[in-house]
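Report on one structure; see the data block that follows.
Readers should treat all values here as calculations from the given coordinates under stated rules, not as data from a laboratory. Keep in mind that what you see is a predicted model, and the values were worked out from it rather than measured. Because the Cβ atoms are built from the backbone with ideal geometry, glycine has one as well, and the counts that use them run over all protein chains shown.
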Amino acid sequence: MKVYPVLAIREALLNAVIHRNYYDPGYTQIFIFPDRISIRNPGAFPFGVTPEHPIHKPRNPLISSIMYELGYVEKYGSGINRIRMQVEEQKGVEFRYDEYIFYTEISFIRRVNLSAIDELNRKILELLETRNKSSELSQALEMSIPTIVKRLNDLVSAGIIIKVGKGKNTQYRLSNKY
């Protein structure tokens, strides 16, 4: 099952290379979280360019031209619209741009489908308000720790809960999405 629109992420990475501010000593960074993928790039959009009104105004025309000649870019100024189209085709994912003073970030976010949570997971989520260790949940639900840990890991992968710590000190908390 494809979770993220691969072509949209490819396009966002190309945009990061082509449009980054190379005078800034910062790095282009890629963050992969259970519920999202974010690409952070030094520099803001060029003056007059926004995600809502993309125009061809490359910060690095030579890199832009090379990427076009190599076939990585199909048409100038169409990257954001291509990302938007790919995300719309991929169910359960949305994207957003955040622009800050020194960097721009695009995030591909998985929507959490709470209706797909079964009764046992609902009980686990309810118990997390007062118990946050797998051993405590295991005891409360009268189930084995490996069974509870598997359920907790599934909920972490879905972005519904957060895992903090390691080993015996591992705790689980509701994410701020739930």
**Prompt:** For the cross-link pairs 123/163; 57/91; 91/123; 123/168; 123/166, which exceed 20 Å when the distance is taken from alpha carbon to alpha carbon?
**Reply:** 57/91; 91/123; 123/168; 123/166
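Given the -39500 (n - 2.57) contribution per DSSP H run of 4+ residues, what per-residue ellipticity at 222 nm results for the chain, rounded to the nearest 500 deg cm²/dmol? Could the numbers behind the result be given before it?
On the way: 6 runs with 64 residues, N = 178.
Taking each H run of at least 4 residues, the total per residue is -11000 deg cm²/dmol.
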**Message:** Tell me which of 169, 132, 81 sits at the most positive position along the dipole axis of the chain, charges placed on C-beta atoms (Lys, Arg +1; Asp, Glu -1).
**Reply:** 169
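On alpha carbon coordinates alone, what is the Rg over Rh value for the chain, Rh being the Kirkwood radius? Show your work: numbers first, answer last.
Details: Rg = 20.7 Å, Rh = 18.7 Å.
Result for the chain is an Rg/Rh of 1.11.
In nm², what is the average projected area of the convex hull enclosing the Cα atoms of segment 115-174?
On the way: hull surface 14.9 nm².
That works out to 3.7 nm².
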**Item:** Sorted by Cβ neighbour density within 10 Å, fewest at the top, the residues 104, 170
**Value:** 170, 104
**Complete:** Between residue 166 and residue 22, the FRET efficiency computed from the C-beta separation at R0 = 45 Å comes out, to the nearest 0.05, as 0.70
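Need one number: the % of Cα-Cα pairs in segment 6-110 sitting beyond the 18 Å mark.
46 percent
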**Message:** So if I place +1 on the C-beta of Lys and Arg and -1 on the C-beta of Asp and Glu, and nothing else carries charge, what would the dipole magnitude of the chain be about its Cα centre? I want it in debye, nearest 20.
**Reply:** 380 debye
**Asked** Counting other C-beta atoms within 10 Å, which of 22, 172, 103, 97 has the fewest, and how do the rest follow?
**Response** 22, 97, 103, 172
